[in-house]
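The values are calculated or read from the model by the stated rules, or taken from the named source; none is laboratory data. This is a predicted model, so every value here is computed, not measured. Cβ atoms come from the backbone with ideal geometry, glycine included; neighbour counts cover every protein chain shown.
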Amino acid sequence: MATLKPSPNAQFSAFLLRFSPEIVALVKRCLPKIRRAFPCSYQLVYQYSNSLVVAFSMSERGYEAIVAIAILPRSIRLYFDKSLPDPKGLLKGSGTKVRSVTIKAASDLDHADIRALFKAAIKRAGVAFPKARSARMVIKSASKKQRPKKQRPKKQRPTRLGHA
């Protein structure tokens, strides 16, 4: 007998169970606002060991995401491409690809400076949102626990006489 796979929304809700009620409530208030800013986009969900990321893209390819929200144990961050102009200096971080702004309340997303970043990100991506297609959530990965880093053997230092 075949078992039905849960819907992406059901899987996403299950992923949220590991976060505090405060973070979940903030996510539930923020996501509709981001969905309105990026209508008809794919919402690509990536699960990592300590975070959950929802990337908003015009395709199912994560590297084409226009913006992403990272749900962390104690905060939510909104990520933009590092090359995006940031005249107000809101974006933090020194990553090679993205910078972020911490979202403390859903109302932060209504701030004119955040809206300007949304518009700049859409313009930079060069996309137009189609009116015919509805938004679609896609679970891209459900990672298992991360493997521990490999331990490299220590190099033996030579003694003063050059012998090991």
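Here are the numbers for this structure:
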read-out	value
Ser51, sole failed condition from (1) over 20 Å from Ala105 (Cα atoms); (2) among the hydroxyl-bearing types (Ser, Thr, Tyr); (3) modelled with pLDDT of 95 or more	(1)
Members of the range 70-120 that are assigned to a helix (DSSP H, G or I), in contact with a helix residue (DSSP H, G or I) (Cβ under 9 Å, 6 or more places away or on another chain) and touching a residue at least 24 places away in the same chain (Cβ under 8 Å)	Ala106, Leu109, Asp110, Ile114, Arg115, Phe118
Top-ranked residue in the range 13-40 [being outside any helix (DSSP H, G or I) and of a type in the set (Phe, Trp, Tyr); ranked as nearest to Ile114 (Cα to Cα)]	Phe38
Subset of the range 46-69 [of a type outside the set (S, T, N, Q), under 21 Å from Ile23 (Cα atoms) and in a loop (DSSP other than H, G, I, E, B)]	Tyr48
Filter result for Ala125 (surrounded by 19 or more Cβ atoms within 10 Å (Cβ to Cβ) and either under 18 Å from Ala55 (Cα atoms) or hydrophobic (A, V, I, L, M, F, W, C) (or both))	no
Exclusive hit being more than 12 Å from the chain's Cα centre (by Cα) and in contact (Cβ under 8 Å) with a residue 24 or more places away in the chain, set Ser7, Ser49	Ser49
Lys88 modelled with pLDDT of 95 or more and more than 24 Å from Tyr42 (Cβ to Cβ)	no
Failed condition for Gln43, given (1) of a type outside the set (Gly, Ala, Ser); (2) assigned to a helix (DSSP H, G or I); (3) farther than 18 Å from Val101 by Cβ	(2)
